[in-house]
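Let me begin by presenting the structure, written as structure tokens, before commenting on it.
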Amino acid sequence: MKPKRPITPSSSPTLSSVLHDLDEDGHSLENASSNNKPPTKLSDGMEPTSFPSLAQYQAGVDAISEELRLEKELNLQPGAHSFLLSHQTPPKKGTVLIFHGFCSGAWAFADIADELHGRGYNVYALRMPGHGFLDDSGKSDSSHLPQPKDYLQFEELAEKGYQQAKAMGLPIRVLGQSGGGTVAVNLVRRHPDIEQAVLFAPFLGINRTDARILFTAVEKMDKLFGNYPGQALHKITVDVYEGVDPETFGNGEVSRHRTASLGNVYALHRFARSQAQHSRDITVPIQVLSSALDDTSGLYGIRELYEGASANGQAAWVHFTEDEGIPHSMAHIRDVQDKQKVKTVTDIAINFFETSDTHHSPAAP
């Protein structure tokens, strides 16, 4: 039964390479999703009606593998590389596409990827646009992150991952965290054939009110002056992980971007607001997880997503309380540092993929 409002749920191998509503602050994207009735979803345990040949499946796997081989030549942080965990024969459960958070890396999903793979899924985790680079001295290089004028790079990544997974001929599910959740929302908006999506603390607008007001004003000026005001934000450096314990950065290894430009954040926010404002396009079943401890992803955007997708009866929302102690990063032991908390989040995601059972929390945020 569809809930009326959001309501708190009271040794995997290591991969070696592995911002309330503002009506005017969104920006519509082209490529809006189709209004056609979505394809029928697979029932639990049912094989696809059209299963790929081994040759088709292997060609899809090989194409991704070749792209991963080329990516290895880039000077990237440890664990920043995209990765694919596949099976020798086409798995009937299909492929889970994973999109990591802003300034983080694919390493954050290594554990849950191993578990999903062990349960019979292919897992393809993609490196977010411009992420993971090192400079010649081995320091984090955030200069490749999308600038305001390049915010549609996030949609391009979503589409690339979808088409690569589709080439394997299997059902597709999606998992995204924070900025990766934004990308996942974009994908399910435009592709109703996707089976399901799990969204960990999806970034659908920045949490800070002052930043929201600034970004709304800048976007209005961008429309008048051709993106020049937004580009000006690119000259301002911000500490993305302000207040985070340095030990969670991997004992000295550089494995994410500690700083970025305010323009980089604005680019993601601009893209995110459009996704939330078009959430009524979504017909794919989604499970959303958010937290009272999250000072990054604004609840106003998550609420907008939930209410829009609920219009089609497809949304479920778990909101963790402060006492439950689930942080924005949600499911990586290096950040959460509590195995039981990681298990709580991971179990909700995997149970949704495996059984389609949804989880809701008893108190609206």
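Assorted remarks:
- Gain on full extension, evaluated as 0.36 nm per residue between Lys339 and Lys139 minus their Cα-Cα distance, stands at 69.0 nm.
- FRET efficiency for Arg258 and Ser53, using Cβ-Cβ distance with R0 set to 45 Å, rounded to 0.05: 0.45
- Calculated FRET efficiency for the pair Glu354/Leu68, C-beta based, R₀ 25 Å, to 0.05: 0.40
- Neighbour-limited loop hits for GluC sites (Glu not before Pro), region 315-365 (at most 15 other Cβ within 10 Å; DSSP other than H, G, I, E, B): Glu322
- Gain in span if fully extended, Leu293 to Glu322, counting 0.36 nm per residue against the direct Cα distance: 9.9 nm
- For region 54-355, the equivalent ellipsoid built from the Cα gyration tensor has semi-axes of 27, 23, 20 Å, listed from largest to smallest.
- Within region 62-161, GluC sites (Glu not before Pro) in DSSP loop having at most 13 other beta-carbon neighbours inside 10 Å: Glu73
- Classification of region 52-126 by its C-alpha gyration tensor yields an oblate form. The axis ratio a/c (a ≥ b ≥ c) is 1.5 or more, and b/c is at least a/b.
- In region 249-309, GluC sites (Glu not before Pro) in a DSSP loop with at most 12 other beta-carbon atoms within 10 Å: Glu253
- Packing-based exposure ordering (other Cβ within 10 Å, fewest first) of Leu76, Leu268: Leu76, Leu268
- Inter-probe distance in nm under a simple model that places probes 7 Å from Cα toward Cβ, at Asp347 and Lys92: 2.7
Just so you know, all these numbers are worked out from the coordinates, no wet-lab data involved. Bear in mind that the values here come from a model prediction, so they are computed numbers and not experimental data. All Cβ positions, even for glycine, are placed from backbone atoms using ideal geometry, and neighbour counts span all protein chains on display.
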